[in-house]
1. For segment 121-143, give me each residue that is over 21 Å from the mean Cα position of the chain (by Cα), in contact (Cβ under 8 Å) with a residue 12 or more places away in the chain and outside any helix (DSSP H, G or I).
2. Output yes when any residue across segment 217-234 is modelled with pLDDT of 90 or more, within 27 Å of Met121 (Cα to Cα) and charged (D, E, K, R), and no when none is.
3. Taking into account only those residues within segment 73-108 that are not in a helix (DSSP H, G or I) and not hydroxyl-bearing (Ser, Thr, Tyr), which is nearest to Val247 (Cα to Cα)?
4. Look at Leu74 and say whether it is surrounded by 18 or more Cβ atoms within 10 Å (Cβ to Cβ), within 30 Å of Asn142 (Cβ to Cβ) and either within 19 Å of the chain's Cα centre (by Cα) or at pLDDT 85 or above (or both).
5. For Thr165, which of the numbered conditions (1) at pLDDT 90 or above; (2) in a helix (DSSP H, G or I) fails to hold?
6. Among the numbered conditions (1) part of a loop (DSSP other than H, G, I, E, B); (2) β-branched (Val, Ile, Thr); (3) modelled with pLDDT of 85 or more, tell me where Thr290 comes up short.
7. So if I check each of Arg36, Arg66, which one is under 15 Å from Leu212 (Cα atoms), touching a residue at least 24 places away in the same chain (Cβ under 8 Å) and in contact with a helix residue (DSSP H, G or I) (Cβ under 9 Å, 6 or more places away or on another chain)?
8. In segment 1-43, what count of residues is obtained for those that are of a type in the set (A, V, I, L, M, F, W, C) and under 16 Å from Ser184 (Cβ atoms)?
Amino acid sequence: MQALWMVWAAFFFATMAVGIKVASSSFSLFELVFYRGLVSVVFLALVLRARRTPLATQVPMMHAWRAAIGVFALSSWFYAIAHLPLATAMTLNYMSGVWVAAFVVGGALLYGQSSRQGPLMATVLAGFAGVVMMLRPTLNQNQLFAGLVGLLSGMGAAMAYLQVTALGKAGEPEGRTVFYFSVSTALAGLAGVLWTGFTPWASVTWQAAAWLIPIGVLASLGQWAMTRAYSRGATLLVANLQYAGIVFAAFYSLVLFDDPIPLIGWAGMALIVVSGIAATVLRTRALPDTPAEEH
């Protein structure tokens, strides 16, 4: 099932997050965005050349919109991370799955089409409830603006995912879509670094430097898998399966950083897994008599 590519994407992104946590001790967020994008561009250029996939596209404006909204979502998320508790910023960003569900169901109703996606949407909401149980976000009164920006990061991510779906429907190869997004990420990171300045290499630890290439490669693999999932899989099922990233991240935190998982966190993890299985079963049963979703 094509939607299961999202589980691979979640694994790659969670592993990349480990590298970002280590590298952030020496590099600024703008530097990490720049190096991530630069390594991804080089890696994807080599892969596309090996696969003989041309970079020329018939839909440049669709790529431009995907890049613009993706950079907006990423920048908003980084702002939220800087001004909110990490758990709150993560929760608001993971609302992208709820936004995707709202856009798909709301779009169907707007165009006068009957939507039978209620059970799948319920699994998305259940998965998000599991995310809240695991992260337990908090928000103070003086953090309302940052909370709004974090909310916009999730909405922007959802719009970017739906644009990825549209590019897949237009026949764009996943690698080309990820390549142009990586270019935009590198340019956005470079603009930020030129404003804040580069960290002197003399003060960079070897552990942080060693993660720069893996971060870019893992970002490429995660974006590629995510793009394939949204391009070829059922949108609401993919939106649910992206919550697997929280589960992978929790295990990394437990094993690598000795961060304990409380009982409510284990319960939330179980809810995420169960909702993902339920969404997969519901979609599989619906395949024989349900046409592909209109995006």
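The values are calculated or read from the model by the stated rules, or taken from the named source; none is laboratory data. Since the model is a prediction, treat every value here as computed from it, not as a measurement. Note: ideal-geometry Cβ built from the backbone for every residue, glycine included; neighbour counts use all protein chains shown.
1. Scanning segment 121-143 gives Thr138, Leu139.
2. yes
3. Here the answer is Met95.
4. Judged against the criteria, Leu74 is a match.
5. Going through the list (1) at pLDDT 90 or above; (2) in a helix (DSSP H, G or I), Thr165 breaks only (1).
6. That leaves (3) as the condition not met.
7. Arg36
8. Adding up the residues that qualify gives 9.
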